[in-house]
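This report refers to the structure that appears directly beneath it.
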């Protein structure tokens, strides 16, 4: 898919597939086009060229959209004078869904006790939960969430992580965008990463991290000078940690293994107090691979990206392609 706004390409020839049974993270720098892509998948924006499909069909051709795909793009779109229950009852009535489903989804997202309160008085976290309830109302096979952890406290973030993983384990297709990279590393199995509207990576979380990370080994010894000399003599690159612990002297050895360093230390009769492999984080990998695609530097909100979606039906969930 491509989406042009005047002279600007918000989405640039973007193609990917989101498969059932796993949580797929949708990442990109500010202004990358994530929200634009999600809006095109849901038929809210029309692509300049290309197609977005849900279970093999454009959104506008779905007979019962709310029963096929549930989405949370804006937690604050609810009428402020409607109660949580009234809002969901309206959605249910307009889509031929039993009223009993309203109370069921309110329980699922933990809003039963505030169901009669007006949505306008909800915190952002409570609004996110109400948005999740709306997305689940039709028991859809495909779920799309744009920044669903915004406004949630730590307990709520852990809850939504497990919630999304449970939905995926049921065979549903789950696509979620987030700026909390450490949380995404714990939530998603697959990552779609875009920058300036173009696809940067479509891989598992581990493959993405490994692709951008340099393997290293952390080694601690009371004989630091002798260890450093032995390692450099063996042709290894030795780095001093940025915050060197003077009480527990430590070195970081790039592109090596614990076995190789242990053998060098043994040959030189050097005592080791710690020897551990180090791997990069999702945040490190993301910054390295998307650094050239950042449009807006400094503090700000995520403006989105682009992509193409479509699908086939597999088990419970349908793919987005």
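Going by the conditions given, is residue 140 more than 15 Å from the chain's Cα centre (by Cα) and either within 15 Å of residue 28 (Cα to Cα) or at pLDDT 95 or above (or both)? When the stated conditions are applied, residue 140 passes them. Out of the stretch 254-285, which residues are in a helix (DSSP H, G or I) and over 29 Å from the mean Cα position of the chain (by Cα)? Passing the criteria: 258, 259, 260, 261, 262, 263, 264, 265, 266, 267. Report yes if some residue within the stretch 11-27 is assigned by TED's automatic domain parsing to the domain that holds residue 206, assigned to a helix (DSSP H, G or I) and under 14 Å from residue 199 (Cα atoms); otherwise report no. Checking the stretch 11-27: not a single residue is assigned by TED's automatic domain parsing to the domain that holds residue 206, assigned to a helix (DSSP H, G or I) and under 14 Å from residue 199 (Cα atoms).
Exactly one condition in (1) out of contact with any strand residue (DSSP E or B) (no Cβ under 9 Å at 6 or more places or on another chain); (2) surrounded by 20 or more Cβ atoms within 10 Å (Cβ to Cβ) is false for residue 76; which is it? For residue 76, the failing item is (2). For the stretch 83-136, a residue qualifies if it is in contact with a strand residue (DSSP E or B) (Cβ under 9 Å, 6 or more places away or on another chain), surrounded by fewer than 20 Cβ atoms within 10 Å (Cβ to Cβ) and touching a residue at least 40 places away in the same chain (Cβ under 8 Å), but none of them does. Would you mind finding the one in 172, 220, 196 that is more than 27 Å from residue 2 (Cα to Cα) and either in contact with a strand residue (DSSP E or B) (Cβ under 7 Å, 6 or more places away or on another chain) or at pLDDT 85 or above (or both)? Only one candidate passes the filter, namely 220.
The values are calculated or read from the model by the stated rules, or taken from the named source; none is laboratory data. Here the structure is a predicted model, which is why all the values come from computation and not from measurement. No Cβ is skipped: glycine too gets one built from the backbone with ideal geometry, and neighbour counts run over all protein chains shown.
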